[in-house]
Protein chains: 2
Amino acid sequence: MTTPRDNLISWLRDAYAMEGQAIELLETQIERLENYPEALPRLREHLQQTREQQTEVERCLDRLGADPSTLKESAMKLGASMQGMMHAMSSDEVLKHALGSHAFEQFEAGSYRSLMTAAETAGEPQIAQTCEQIMRQEQDMARWVWEQLPHMTEQYLRRSESGAEAKR
Amino acid sequence: MTTPRDNLISWLRDAYAMEGQAIELLETQIERLENYPEALPRLREHLQQTREQQTEVERCLDRLGADPSTLKESAMKLGASMQGMMHAMSSDEVLKHALGSHAFEQFEAGSYRSLMTAAETAGEPQIAQTCEQIMRQEQDMARWVWEQLPHMTEQYLRRSESGAEAKR
């Protein structure tokens, strides 16, 4: 038997690990982003936001008398799958980065949507509120990447047509 | 130098491979879905839709005098990353499946959004139209999964609290 509170703790730990992956992903992207400098301010802003999200999740765990230190199996599995996605994105194609980021932000948004329900069911409305707030931030970021796609694609095609430095 | 047409062909091949992954993913989900039978009709419908999408992509390649048979490196990389995600989802947790599906459908939607621009730039409005249509189908499916999340989470928590058969 697993109580809603047990599941909530377990999923918040997953979320903590997920934010760790998000931070790594954003740092890599910011480092590699050569040909789309106009995206840097938003990426840096979201990196800062992501660090704060991780702290928020830690506070939620704290409120439940738990800590994020115990790496659960599912968190590690998630890590492995995200690593796969990041590996696919470590090609220098800014477009693949963007497609991966969009999907990753959506994955995060979905996780927090599920966490909201878990927090409500466990009688933790404050945690539910935090999860909703983070969910909206992830959705905003996903939408922003989505909006960039046509312009990024055009730019990529133009660079690609003009020669060798095009792949980035 | 890579022309917009070259990139379009290359990305349509990626999309063909991606739809192949989507078919595998949906077949696995349909097979494993024990505790959420109400989702079956929509999943089966989307499986059928996905097969048609793959055929549509093949027709686009055909129109460009290309075929999907040459597996490109990037398609294989994508395959590997999706395999990672599917591996994470091969745990029997219906919720992780749903989170992964949502992200995957969003990944597909983003890919077709980028493909739309590529097709327009390559002077292929008919292909752009096909990509837009598929993009909307992926968005619809992603939205559907998104809408299921709270209810699925509740059901999961209830089963989880009632005992051992809860993980599915």
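Remarks
- From B:39, B:15, residue being within 14 Å of chain A (Cβ to nearest Cβ) and modelled with pLDDT of 90 or more: B:15
- From B:69, B:91, residue being modelled with pLDDT under 80, in a loop (DSSP other than H, G, I, E, B) and within 13 Å of chain A (Cβ to nearest Cβ): B:91
- Of residues in region B:120-166 being loosely packed, with under 14 Cβ neighbours inside 10 Å and facing chain A (nearest Cβ under 9 Å), the one nearest to residue A:157 (Cα to Cα): B:151
- Positions within region B:30-51 being assigned to a helix (DSSP H, G or I) and touching a residue at least 12 places away in the same chain (Cβ under 8 Å), in sequence order: B:30, B:32, B:39, B:42, B:43, B:44, B:46, B:47, B:49, B:50, B:51
- Hits in region A:106-143 - residues which are closer than 19 Å to residue B:18 by Cβ and not aromatic (Phe, Trp, Tyr): A:106, A:142
- Hits in region B:19-59 (condition: among the aliphatic types (A, V, I, L, M) and farther than 20 Å from residue B:120 by Cβ): B:22, B:23, B:25, B:26, B:30, B:33, B:39, B:40, B:43, B:47
- Qualifying position, being at pLDDT below 80 and touching a helix residue (DSSP H, G or I) at 6+ places or on another chain (Cβ under 9 Å), among A:20, A:84: A:84
- Test: residue in region B:23-31 that is under 13 Å from the mean Cα position of the chain (by Cα), surrounded by 15 or more Cβ atoms within 10 Å (Cβ to Cβ) and of a type in the set (S, T, N, Q): yes
- Total residues in region B:105-119, condition crowded, with 24+ Cβ neighbours inside 10 Å and either more than 7 Å from chain A (Cβ to nearest Cβ) or not in a helix (DSSP H, G or I) (or both): 6
The values are calculated or read from the model by the stated rules, or taken from the named source; none is laboratory data. Treat the numbers as computed from the prediction; the structure is a model and nothing was measured. Backbone-built Cβ (ideal geometry, glycine too); neighbour counts: all protein chains shown.
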